[in-house]
1. Would you please put 47-60, 219-232, 69-82 in order of how densely packed they are, using the mean number of other Cβ atoms within 10 angstrom per residue and starting with the highest?
2. Determine the per residue accessible area of region 54-130 with all protein chains present and a 1.4 angstrom probe, expressed in square angstrom.
3. At a probe size of 1.4 Å, how large is the accessible area of residue 156, to the nearest 10 Å²?
4. Averaging the inverse of every distinct alpha carbon separation and then flipping it gives the Kirkwood radius. What is it for region 104-233, in angstrom units?
5. Between residue 53 and residue 208, what is 0.36 nm times their sequence separation minus the Cα-Cα distance? Round to one decimal in nm.
6. Just by accessible area at a 1.4 angstrom probe, what is the order of 175, 197 from largest to smallest?
7. Output the pairs from 61/98; 61/168; 99/169; 61/99 with a Cα-Cα distance over 30 Å in this structure; if there are none, say none.
8. So how do 133-146, 104-117 stack up, highest first, on mean other-Cβ count within 10 Å?
Amino acid sequence: MGQVAVLPGWMLSLLLRFRPRIKGSGPRGDGAHPNQKDNTMEHTLPALPYAMDALAPHISKETFEYHYGKHHQAYVTNLNNLIKGTEFENLGLEDIVKKSLGGVFNNAAQVWNHTFFWSSMKAGGGGEPGGALGDAINRKWGSFAAFKEAFTKSAVGNFGSGWTWLVKKPDGSVDIVNTSNAATPLTTADRALLTIDVWEHAYYIDYRNARPKFVETFLNHLANWEFAAKNFG
């Protein structure tokens with residue numbers, strides 16, 4: 001039987017120092033750190049929190065096939081292409097949104113905004129929030145009915161393409177904020193609680209140009225107040 005070779009300590013140390021990094025060696029066992037993109041991964045389209053037909057008849061499967069499957073996916077694809085070889089290629093999505101401008105920002109923010117929007121809805125949603133969030137809404141607007149009126153006015157009147165948000169301000173109060181195009185509260189001191197997408201592609205298949213009806217349906221049948229309450233804290 002042959003002898004087993006024993007490497008000198010200095011050689012073993014050198015080999016270990018320059019060993020190749022193996023994908024899958026991260027703390028989760030899959031090569032990735034939580035909420036962080038590393039140089040072996042690309043941003044991917046997040047899974048919907050429900051089936052594509054789960055919100056029917058209020059939002060159809062066809063709308064999700066286009067809005068989620070094509071529009072949202074396009075932002076992800078564009079983002080991956082734009083960040084190659086840049087300072088952003090190893091950053092997580094939220095960091096990219098906060099640090100970028102131009103095309104990188106537009107696509108990164110739209111990936112984040114859409115993911116937040118899907119979670120802002122659920123089957124059997126709507127109704128009225130309770131707890132601390134409900135109290136904050138009542139303090140701000142006097143009643144939930146008054147909030148709905150204010151939110152509807154903001155969303156319907158949000159000119160062009162954009163988003164209407166319920167946010168928590170740094171002082172703990174709540175407010176309604178409109179943003180245009182890809183702009184997002186993530187780049188401000190506000191904390192997003194709930195949002196509605198008022199880009200026309202969000203509702204045109206099901207509501208044509210009737211944005212007021214889409215906003216009404218969102219508030220009455222889709223708004224995920226449990227998600228908003230968790231964000232409120």
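1. Going from most to least packed, we get 219-232, 69-82, 47-60.
2. Numbers: 3460 Å² over 77 residues.
That works out to 45 Å² per residue.
3. Ignoring ligands and nucleic acids, residue 156 comes out at about 60 Å².
4. Final number for the Kirkwood radius of region 104-233 is 14.7 Å.
5. Extra length from residue 53 to residue 208 when fully extended: 53.9 nm.
6. On the way: 175 45, 197 0 Å².
Largest to smallest exposure gives the sequence 175, 197.
7. Violating the 30 Å Cα-Cα cut-off are 61/98; 61/168; 61/99.
8. By packing density, highest mean first, the sequence is 104-117, 133-146.
The values are calculated or read from the model by the stated rules, or taken from the named source; none is laboratory data. The model shown is predicted, which means the values in this text are computed figures rather than measured ones. Because the Cβ atoms are built from the backbone with ideal geometry, glycine has one as well, and the counts that use them run over all protein chains shown. All accessible areas refer to the heavy atoms of the entire protein, side chains included, with ligands and DNA or RNA removed. Shrake-Rupley method; radii C 1.70, N 1.55, O 1.52, S 1.80 Å.
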